[in-house]
Every structure is written in structure tokens, then in C-alpha cells.
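Taking it in order: structure first as C-alpha cells, then the write-up.
Just so you know, all these numbers are worked out from the coordinates, no wet-lab data involved. Worth saying up front: this structure is predicted, and the values here are computed from it rather than measured. Cβ placement follows ideal geometry from the backbone for every residue including glycine, while neighbour counts extend to all protein chains displayed.
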Amino acid sequence: MSSSTAEPGGLTAAVVTVSDSCSRGEREDVSGPAVAHLVQQLHFSVTAHEVVPDDSTLIQNLLIRLAREVRFVVTTGGTGIAPRDVTPEATVAVCERLLDGVAERMRSEGSKKTPFAALSRGVCGVRGQALILNLPGSPAGAAESLAAVAELIPHAIELLSGKTEH
């Protein structure tokens, strides 16, 4: 599912749920809507919400398209260590630069609540003028990870826009 209404000049975002079962309609997507709500609280207009299976090529193609359309692409799901968890690899494949510190901060903050946060392999990177951020698939993990880096996102997007005076 996708929509494409955006406020002119506003901060735009897309949410991508990576899940085989959600993409087949076997399970309701709970994380995507939760992430979209949190992104809206950061003053972004969520102009697209997509559900894609755990397929690297499909994820890459979707990230490339969305990075042309919005300033912030947030994925949820596919960041663990199961064989089908390929979201980080797909993200790395399409990003021009990685922001390792953002992912490190998410894991560091997550580890304060659960030792399993260290198993999340989500990354953050840049494609063009868009920031791409991988979040875990669980609604709680996604919310906590986004909260850990929320204050960084608007500044990162300003820098990508060329606003580099400090």
C-alpha cells in the first residue's frame, strides 16, 4: 500500500515493513503503523507506507525509489540474525555512506533494556538527500530504537540539505 500526498517543503518520510508473513497477508502489520505514528510525532509527513517480503532485491529497489521521493526512509523488520533477515545488507547495498554512530546508539540504548538488542543488525545510511534507518521488527524495539536517535534525525537531514552552518 502506498500514498503520495506531501506537504510542500515539509519533512517527508516513508515507512517500510519488511516481513514475509505481512506481505502475504498472513499476519497484520503492527510495527509499520506504530513506526509511522512515531515518525509523525517527529514532525514528518508520512507519505508512503509499504510492506515488502524479506527479499534483498525487492527491498533495494523499494529503498532506491523511496529515497528519491522522501527525505527519511524508515524500515522495520529483517534486522535480526535469522536466515531471511536481509534488511541491513539491502540497505548497505543502496547507501552511498553509512552513519555507524546512529546504529551504535540504537543498540547501546536498547542494551539498557534487553541484552538481545546486541543481536539487532540495523544500519543507518545516506542515499542522495535521504536518510535510511533500519529498526527492529517488534513494535517495542522499533519505538525504543527510534526514540534513541530521534534528536539526530532532523539535524542529519538539514546537513544532507546543505545546511552546514553550525
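For region 39-56, putting each phi into the Karplus relation 6.51 cos²θ - 1.76 cosθ + 1.60 with θ = phi - 60° gives couplings of 5, 5, 5, 8, 6, 9, 8, 7, 9, 8, 9, 10, 10, 9, x, 6, 10, 4 Hz, in residue order, rounded to whole numbers and with x for Gly and Pro. Between amide H atoms placed 1.01 Å from N, distances below 5 Å from residue 135 occur with 75, 76, 77, all of them 5 or more places distant or on a separate chain.
Within region 42-166, antiparallel bridges make up roughly 55 percent of the DSSP beta bridges whose residues both belong there. Other residues lying with their Cβ under 12 Å from the Cβ of residue 150 contribute a combined charge of -2, Lys and Arg counting +1, Asp and Glu -1. Shown in residue order for region 71-85 are the 3J(HN,Hα) couplings computed by the Karplus curve 6.51 cos²θ - 1.76 cosθ + 1.60 at θ = phi - 60°: 8, 9, 10, 10, 9, 10, x, x, 9, x, 10, 5, x, 8, 6 Hz (x for Gly and Pro). Which one, 82, 142, 14, has the greatest fluctuation when you compute a Gaussian network model over the chain with C-alpha springs under 10 angstrom? Of 82, 142, 14, the Gaussian network model singles out 82 as fluctuating most. Projecting the Cα atoms of 52, 81, 160 onto the dipole axis of region 25-166, where Lys and Arg carry +1 and Asp and Glu carry -1 at the beta carbon, places 160 farthest toward the positive end. By the gyration tensor of its Cα atoms, with a ≥ b ≥ c the square roots of the eigenvalues, what is the shape of the chain: rounded for a/c under 1.5, prolate for a/b over b/c, or oblate? It comes out rounded by the Cα gyration axes. Restricting the GluC sites (Glu not before Pro) of region 69-115 to loop positions (DSSP other than H, G, I, E, B) with no more than 16 neighbouring Cβ atoms within 10 Å leaves 96. Summary of the geometry: region 36-67 and region 119-166, compared by the centres of their Cα atoms, lie 13 Å apart. For the chain, adding -39500 (n - 2.57) for each run of n ≥ 4 DSSP H residues and dividing by the number of residues yields -12000 deg cm²/dmol at 222 nm. Once the trypsin sites (Lys or Arg not before Pro) in DSSP loops with at most 15 neighbouring Cβ atoms within 10 Å are cut out of the chain, the longest remaining piece is 28-83.
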